[in-house]
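Everything on this sheet refers to the single structure shown next.
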């Protein structure tokens, strides 16, 4: 198993180093992962919010780590492409907690992880930079000890959490991202940014591959690639869209007694069965 993980990790690392841009549609269960793989996904990312919601929990590390790991393992087992796991802030504040979570996601078969600097503390919404550096180093060292060179995608939530004065957010994001890169991160994730000029500056001033989050107003994938973005992901966006379709179908069913919303968009039953047989 470890040799297979090493090969998958090496392949996933290479996807961040040169064009084309790495496009990740975040999965929340085995079925969504297989659907994404069937239409050409080169790798699968998980969505913490999607997995938590599917299992009846809100996002924000409210779901027990054991349940998150089981969901990650199911996704890994469903596809033949590399899988990177969203483990939020590492399921523990201490560097040792992050190291243990890293070992566990590798054991589950993932070859990448997202690690954010959001602290869930209203007074100090982000970890202090030195503390986050230590946490990233812990993840990096734990992975190295297993022999699997996973992709550590270090996320800073300066923009997403609207930390500090708006005029200073770009500089703070760059400063944090570069510090995280020096600590051992392979890719730097700055969600909450949509305008082209800011994205261009992030790419220019961050000394490593940049990941952006696709949301309303984000340039299209081709434009992001031209800018120099290495990786674009969708977070919980597709999962929330699927829930919206389910809600609208149910409303039509209960309010009008008709079935068009789901019948018009449903994947044929036989196709779903065949897809679930695939590996």
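Miscellaneous remarks
- Theoretical gain in end-to-end length, residue 182 to residue 70 [0.36 nm per residue, Cα-Cα removed]: 37.2 nm
- Over the chain, relative contact order from alpha-carbon pairs under 8 Å, at least 6 apart, %: 19
- To the nearest ten degrees, helix 65-78 and the longest principal axis of the Cα atoms of the chain are 60 degrees apart.
- Net length gained if the chain between residue 216 and residue 201 were fully extended (0.36 nm per residue, minus Cα distance): 3.5 nm
- Legend: Rg and Dmax of region 80-128, from Cα coordinates, 12.1, 43 Å.
- Region 53-133 - percent relative contact order, Cα under 8 Å, separation 6 or more: 28
- In this structure, residue 39 and residue 175 have a Cβ-Cβ separation that, at R0 = 45 Å, corresponds to a calculated FRET efficiency of about 0.75.
- What the Cα convex hull of region 171-221 gives, in volume per residue, is 68 Å³.
- 17 Å cut-off, amide nitrogen to a point 7 angstrom out along residue 131 Cα→Cβ, residues in region 94-114: 94-99
- Within a Gaussian network of the chain (alpha carbon springs, distance under 10 Å), most fluctuating of 262, 254, 36: 254
- The chain: most fluctuating residue of 37, 162, 141 per GNM, C-alpha cutoff 10 Å: 162
- The calculated pair-distance distribution of region 149-241 uses every alpha carbon pair, bins of 5 angstrom beginning at 0, and gives 3, 14, 27, 26, 19, 9, 2, 0 percent.
- Pairs of Cα atoms farther than 32 Å apart, the chain, %: 23
- Extent along the principal axes, Cα only, for region 1-149: 44, 34, 29 Å, with the longest axis given first.
- In degrees, nearest ten, helix 129-146 long axis to first principal axis of the chain (Cα): 70
- Spatial offset of region 12-64 relative to region 100-142 amounts to 18 Å, using the alpha carbon center of each.
- Relative to the longest principal axis of the Cα atoms of the chain, the long axis of helix 95-107 makes an angle of roughly 40 degrees.
- Remark: 1, 67 ranked as 1, 67, counting other beta-carbon atoms within 10 Å and listing the fewest first.
- A Cα-only calculation for region 237-279 places Rg and Dmax at 12.7, 40 Å.
- Taking other C-beta atoms within 10 Å as the exposure proxy, 48, 32 rank 32, 48 from fewest upward.
- Counting every other Cβ atom within 10 Å of each residue's Cβ, 220, 187 order from fewest to most as 220, 187.
- Using the empirical formula 2.2 N^0.38 Å as the baseline, the Cα radius of gyration of region 68-209 reaches a ratio of 1.04.
- Relative to its Kirkwood radius, the Cα radius of gyration of region 1-71 gives an Rg/Rh of 1.03.
- Converting the Cα gyration tensor eigenvalues of region 135-185 into ellipsoid dimensions via √(5λ) gives semi-axes, longest first, of 27, 9, 7 Å.
Where a number appears in this text, it was derived from the coordinates with a stated rule and is not lab data. The structure presented is a predicted model; accordingly, all values stated were derived computationally and were not measured. Positions of Cβ are backbone-derived with ideal geometry, glycine not excepted, and every protein chain shown enters the neighbour counts.
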